[in-house]
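A.B. asks: Following this message is one structure expressed as structure tokens.
Readers should treat all values here as calculations from the given coordinates under stated rules, not as data from a laboratory. If you're wondering where the values come from, they're calculated on a predicted model, not measured in any experiment. Here the Cβ positions follow ideal geometry from the backbone for every residue, glycine too, while neighbour counts run over all protein chains shown.
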Amino acid sequence: RTYDRREGVEEDEPLPPGEVSWMRLLSWRERRRVPPPCSVAAGATHSAFADREGRLLTCGTDVHGRGLLGQGEGADLACQLPLLVPPVALPRRVVAVSAHSMHTLALTGDGEVYSFGHGERGKLGHGDEEQVWLPRQIEALAGSRVVAIAAGRKARPWRPAEPEVADAD
């Protein structure tokens with residue numbers, strides 16, 4: 001049954017040819033409204049997406065409550081559809097994302113790197129092992145233009161634009 005808001009009438013409306021359910025049709029139409037991502041990353045239980053407008057979205061399950069989804073402390077620990085990470089936490093345009101089992105990295109168009117999730121062994125780059133609930137800029141990289149990121153268990157999570165030169169000492 002469908003409801004016409006303008007007329008206030010509820011009536012039976014046939015499905016378009018080839019469709020088997022209204023729910024499937026409406027879900028498909030709703031998914032089509034979301035712009036396709038330009039960067040996608042998957043961790044063990046969560047995923048991160050940067051859309052064409054530079055917004056960061058996440059979904060999945062934060063089974064250990066460690067900030068994997070970047071939605072802030074006290075947020076739902078599971079979501080089945082991508083949710084926008086609060087823009088106040090990540091005010092720059094995101095061009096790439098990378099995820100690992102317990103953390104996520106986001107690269108902005110300005111070459112800044114943000115991280116959030118579980119900070120075990122300092123993998124978030126903030127100089128501690130704290131969990132980070134909202135994206136936080138990695139201050140140690142301020143002033144460097146980073147061009148690539150990779151979240152991993154032991155990997156260095158970024159690559160600077162300029163090659164590093166070792167001291168001749």
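A.B. asks: Calculated FRET efficiency, Glu139 and Gln80, Cβ-Cβ r, R0 30 Å, to nearest 0.05? Spell out each step's value before the answer.
C.D. replies: Numbers: r = 34 Å, r/R0 = 1.13.
After rounding, the FRET efficiency stands at 0.30.
A.B. asks: What nm value, rounded to one decimal, do you get for the distance between Asp110 and Cys59 when each label is placed 7 Å out toward the C-beta?
C.D. replies: According to this spin-label approximation, the distance is 3.0 nm.
A.B. asks: Could you work out the per residue convex hull volume over the alpha carbons of region 36-160, in cubic angstrom?
C.D. replies: 87 Å³
A.B. asks: Hey, got a sec? Which GluC sites (Glu not before Pro) in region 112-156 land in a DSSP loop and have at most 12 other Cβ atoms within 10 Å?
C.D. replies: Answer in residue order: Glu129.
A.B. asks: Would you mind calculating the gained length between Ala44 and Val88 on full extension (0.36 nm times residue separation, minus the Cα-Cα distance), in nm to one decimal?
C.D. replies: Separation in residues times 0.36 nm, less the Cα-Cα distance, equals 13.2 nm.
A.B. asks: Right, here's the next one. Quote the FRET efficiency, to the nearest 0.05, computed for Arg121 versus Glu30 with a Förster distance R0 of 30 Å and r equal to the Cβ-Cβ distance.
C.D. replies: Values: r = 40 Å, r/R0 = 1.34.
The pair Arg121/Glu30 has a calculated efficiency of 0.15.
A.B. asks: Now for a different question. Which of Arg121, Arg55, Arg93 comes first, and how do the rest follow, when ranked by fewest Cβ neighbours within 10 Å?
C.D. replies: Arg121, Arg93, Arg55
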